[in-house]
Amino acid sequence: MAQEPQLSHTAAMILQAIDAGFVYGFSVMENLGLPSGTVYPALRRLERDALIRSQWEKQSIADAELRPPRKYYRITAAGGSALEAARRRYPLLERLLPVEEARRS
Amino acid sequence: MNRFLAAAEDRLLCAIALLAPSDRRAEWLREWRSELWHVCRCSHRSTAGSVDLTSFRFCLGALPDALEMRRIYGTTCTTRTPIHRSASYCLLILAVILVAGWAFALYSRPVIAERHTERYTVRPGLVLILNAHAASGAMNSIPVELYRKWAGAHQKYFDGLAFYRVERTVFFIGGRAAHLPIVHSSAQFFSLLGLPMEIGSAAPSSEPRLILSDLIWRRNFNADPRILGRTVRVGERLVSVAAVLPDGSWRLPGEAEAWLLEPDNAISSGGAGYVVAQLKPDSWYAIRNSVANIAAYDAKGNEHNLWVFSFSERTNGPWRDYFVPVFLALLVLPGLTSVFLSDKAVSTIRLSWSRRVVCCVFGAAKIAMILGIVYILPVDLAYCCTSGFAPASSCLQFLLTLALSIFGFCWAVADQRKRCPVCLCRVAHPARVGIASRTFLAWNGTELMCMGGHTLLYIPAVPTSWFYAPRWVYLDTSWKFLFAA
């Protein structure tokens, strides 16, 4: 049986935020209240461990909205199981950023 | 003000981007600029009309992110490159050789003496005369009778002559007898050499006198400063101690721990030794090449073929036999190997300045260590078994320095040519590509690969006007899956 990755509390919060639909760095920062120097390095580590994957927004969409394209992060299958394990470990995690509520907002 | 701040933030991001790995730098900077745009829009919306540092604080977060990127994806190979191919291993091996050479040089007495030759000064025009058949200086060569005949005759070329011979003699120290190598020499021997004494004086005297080496003075007499004038027994004779010779001063052929100075007619007959002579100033030209050949006749009319070595020429230290061969090796290097490292003109990718500087520093460090090795190893090998004056050792040092310099420089260039410019690991897995008959129609040569997946190296089998030097092909991230661990 493969050992589940042990996430730090910050990494678990960021993973929860991405799962809740805050899919780019600045939105994760805004909603978690963490500084950029914490969020972006954590995103690199999560991507390195294949818990999230990144994808650039299509240029045409960004051009239509007169803004630069964004880099979006998506949670992977491994990231999903890691998040489940983190929720068991940190029960308050779901209350911090409830997925349903976040998706409604 | 906000416009100035925005420009400063963009410059700050560009500067921090230099810390990110070069292959991910553009994407990293693009993401941060995009995020900054959104941060600025939000902060302008909330604090219109006043200076807001939110975006600036946001930019400061780029620094730990760039460092994290460097740590994760840094300049190291994406796969585990064998340690023996890495740049650090190469420098480590060179450093070990260099340190071993210096360590030996620090503990080998002959090598120490040779390295500190500059402290040793003799009179200009001083020469050592020995038999041509014993030019290595390993054995006594001139009969004392020949020296006596010589010293008694009118001298055309020499201002002064002195004879010495090394014999193992019984030396009584503290009531105990010890067999020590003792030099039996003419009374004027040290005044002719002009060597300064540590204590006392070695001026000529009609009475036999003893000069002690620094080693024996410290070991057997506890460095007693009142040793001068004390009577000791050497062989069958009682002699007084006149002086102590400083450590490393004795650089003539033959090991010696003490010197017995006695009148010429008191030196026992039958043995052979060496002659030290002071040339007249108008005769110095005769040994301008540091060595000359002369013939001498003894009382029975036998001819002796002798070498005259300029002793002052041989007290310049090992540096004299270092710079010339290194310079010669640098001269012949372009004739032995191509000094072009690679064909940069065809490369479409420009390496970052930091990588280029690292490449140059690595090459310079390698050359510096080779220069150190080609100095110390020949000195160690040439002088480890000699004591002082050794013409053959000087020649050996010259030849070894020349050979090691040529080999070292050729190796350094060849090694640098086969190191990936990105990670400095040696390329591997050579593969023949193309066939010889298609050299002028297609490509024919050897292809090598960086184990980290950064580059391929193409080496043409036959250098042509359009492909004469090795070419690096930089691999982009799409190749990375091939090299995944």
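Tabulated values for the structure
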quantity	calculated
Failed item, numbered, when B:Arg148 is tested on (1) in contact (Cβ under 8 Å) with a residue 60 or more places away in the chain; (2) touching a strand residue (DSSP E or B) at 6+ places or on another chain (Cβ under 7 Å)	(2)
Odd one out for B:Leu245, checked against (1) over 28 Å from B:Lys149 (Cβ atoms); (2) surrounded by fewer than 18 Cβ atoms within 10 Å (Cβ to Cβ); (3) under 33 Å from the mean Cα position of the chain (by Cα)	(2)
Index of the failed condition, A:Ser8 passing every other in (1) within 19 Å of B:Asp65 (Cα to Cα); (2) surrounded by 12 or more Cβ atoms within 10 Å (Cβ to Cβ); (3) at pLDDT below 90; (4) of a type in the set (Gly, Ala, Ser)	(2)
Qualifying residues in the range B:22-35 (those that are over 17 Å from B:Glu9 (Cβ atoms) and within 11 Å of another protein chain (Cβ to nearest Cβ)) - the one modelled with the highest pLDDT	B:Glu27
Checklist (1) in contact with a Ser or Thr (Cβ under 9 Å, 6 or more places away or on another chain); (2) at pLDDT 85 or above; (3) closer than 15 Å to B:Ala258 by Cα applied to B:His179, failing item	(2)
Subset of the range A:43-70 (residues that are buried (at least 18 other Cβ atoms within 10 Å of the Cβ) and touching a residue at least 40 places away in the same chain (Cβ under 8 Å))	A:Leu51, A:Arg70
Selected residue (only one of B:Leu306, B:Leu261 is at pLDDT 75 or above, in a strand (DSSP E or B) and more than 19 Å from B:Lys149 (Cβ to Cβ))	B:Leu261
Criterion (at pLDDT below 75 and either within 30 Å of B:Gly408 (Cβ to Cβ) or of a type outside the set (Ser, Thr, Tyr) (or both)) met by exactly one of B:Val127, B:Val111, B:Val144, B:Val99	B:Val111
Residue that is of a type outside the set (D, E, K, R), crowded, with 18+ Cβ neighbours inside 10 Å and modelled with pLDDT under 80, where the choices are B:Phe398, B:Phe389, B:Phe409, B:Phe340	B:Phe389
Yes/no for A:Ala62 being facing chain B (nearest Cβ under 9 Å) and either of a type in the set (A, V, I, L, M, F, W, C) or assigned to a loop (DSSP other than H, G, I, E, B) (or both)	yes
Flag for B:Ser191 being free of Cβ contacts under 8 Å to residues at least 40 places away in the same chain and hydroxyl-bearing (Ser, Thr, Tyr)	yes
Residues of the range A:34-80 satisfying the condition of being within 18 Å of B:Ser55 (Cα to Cα) and out of contact with any Asp or Glu (no Cβ under 8 Å at 6 or more places or on another chain)	A:Leu34, A:Pro35, A:Thr38, A:Val39, A:Arg67, A:Pro68
Options A:Tyr24, A:Tyr40, A:Tyr73; residue that is more than 10 Å from chain B (Cβ to nearest Cβ), of a type in the set (Phe, Trp, Tyr) and surrounded by 13 or more Cβ atoms within 10 Å (Cβ to Cβ)	A:Tyr73
Which listed residue, of B:Trp284, B:Trp217, is at pLDDT below 85 and not in a strand (DSSP E or B)	B:Trp284
The listed residue being surrounded by fewer than 18 Cβ atoms within 10 Å (Cβ to Cβ), of a type outside the set (A, V, I, L, M, F, W, C) and either over 14 Å from B:Ile182 (Cα atoms) or touching a residue at least 40 places away in the same chain (Cβ under 8 Å) (or both), out of B:Pro225, B:Pro253	B:Pro225
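For (1) in a helix (DSSP H, G or I); (2) touching a helix residue (DSSP H, G or I) at 6+ places or on another chain (Cβ under 6 Å); (3) at pLDDT below 70; (4) of a type in the set (Gly, Ala, Ser), each residue gets a yes or a no:
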| site | (1), (2), (3), (4) |
| --- | --- |
| B:Pro64 | yes, yes, no, no |
| B:Glu68 | yes, yes, no, no |
| B:Arg71 | yes, no, no, no |
| B:Leu94 | yes, yes, no, no |
| B:Thr121 | no, no, yes, no |
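The values are calculated or read from the model by the stated rules, or taken from the named source; none is laboratory data. Please read these numbers as outputs of a predicted model, since none were measured by experiment. With ideal geometry, Cβ positions are generated from the backbone for all residues, glycine too; neighbour counts draw on all protein chains shown.
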